[in-house]
Amino acid sequence: MTATAKKFGRVPSAVARLATSPELLNGFLKLSAIFEATTLTALEREVLIMTVAARNECHLCVAMHTATLTRLSAAPEVVAALRAQAPLPEPRLEALRVFVHAVLDTRGEVAADTLEAFTGAGYTERNALEVVLGIGTYTLSTFANRLTRAPLDEAFAEHAWHAA
């Protein structure tokens, strides 16, 4: 939980709730650290996380990762689009967002032209597999947060979000 406290400046209540299953929390933290070490940039990882969080309607995750995107100085238009589940203004990031949805929609069996569109935007086949890692990691988190009905911490209140 030290890494989480360092990342967010405190231990969010959601993490404390996940700690009621040390195995789940440990698994999530390990997977998260592995995902952080991928070749995707910090911004690209956050685009993936926000895409999964909004799709899975995790109000807490969207708020927390909006704060992360703000710390990364992400363009406000990108943040707003991710929160609205709308196309992104930057083509490369939009290709990533579309690919994340394709992987989720097909349970990984994306069409060849979909993978070609992703790699055509400058991503690699390695990045495609890193997307699968990110989806798995943050599906775990969003599902657990929804299951425990994790409340939104005051620290993230300015980034509150509700599914449309």
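The values are calculated or read from the model by the stated rules, or taken from the named source; none is laboratory data. Bear in mind that the values here come from a model prediction, so they are computed numbers and not experimental data. Positions of Cβ are backbone-derived with ideal geometry, glycine not excepted, and every protein chain shown enters the neighbour counts. Accessible surface areas use protein heavy atoms only, side chains included; no ligands, DNA or RNA. Shrake-Rupley method; radii C 1.70, N 1.55, O 1.52, S 1.80 Å.
Listed by first and then second residue, the pairs with beta-carbon distance under 8 Å, at least 6 apart or on different chains, first residue in the range 37-50 and within 14 Å of Val132 (Cβ to Cβ), second open to solvent by 40 Å² or more (accessible area, probe 1.4 Å) and at pLDDT 95 or above, are Thr38/Leu133; Thr39/Thr124; Thr39/Arg126; Arg45/Glu36. Scanning the range 56-67 for any residue that is over 20 Å from Glu154 (Cα atoms) and either open to solvent by 30 Å² or more (accessible area, probe 1.4 Å) or touching a strand residue (DSSP E or B) at 6+ places or on another chain (Cβ under 6 Å) (or both) turns up at least one such residue.
A quick yes/no check of all residues on (1) among the small types (Gly, Ala, Ser); (2) in contact (Cβ under 8 Å) with a residue 24 or more places away in the chain; (3) open to solvent by 20 Å² or more (accessible area, probe 1.4 Å):
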{"site": "Leu104", "(1), (2), (3)": "no, yes, yes"}
{"site": "Gly122", "(1), (2), (3)": "yes, yes, yes"}
{"site": "Asn127", "(1), (2), (3)": "no, yes, no"}
{"site": "Leu133", "(1), (2), (3)": "no, yes, yes"}
{"site": "Thr137", "(1), (2), (3)": "no, yes, no"}
{"site": "Thr142", "(1), (2), (3)": "no, yes, no"}
{"site": "Ala150", "(1), (2), (3)": "yes, yes, no"}
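The set of residues in the range 70-93 that are open to solvent by less than 90 Å² (accessible area, probe 1.4 Å), closer than 25 Å to Thr119 by Cβ and either modelled with pLDDT under 95 or not in a loop (DSSP other than H, G, I, E, B) (or both) comprises Val78, Ala81, Leu82, Arg92, Leu93. Please tell me if Ala117 is modelled with pLDDT of 95 or more, more than 30 Å from Ala19 (Cβ to Cβ), surrounded by fewer than 16 Cβ atoms within 10 Å (Cβ to Cβ) and of a type in the set (A, V, I, L, M). No; evaluated as a whole, the condition is false for this residue.
None of Leu43, Leu48, Leu31 is farther than 17 Å from Tyr123 by Cα and assigned to a helix (DSSP H, G or I) except Leu31. Considered as a group, the residues in the range 1-47 that are over 16 Å from Phe156 (Cα atoms), of a type outside the set (S, T, N, Q) and modelled with pLDDT under 85 include one that is most open to solvent (accessible area, probe 1.4 Å), and that residue is Met1. Which of the residues belonging to the range 152-164 are of a type in the set (Asp, Glu) and open to solvent by less than 30 Å² (accessible area, probe 1.4 Å)? The answer is Asp153, and nothing else.
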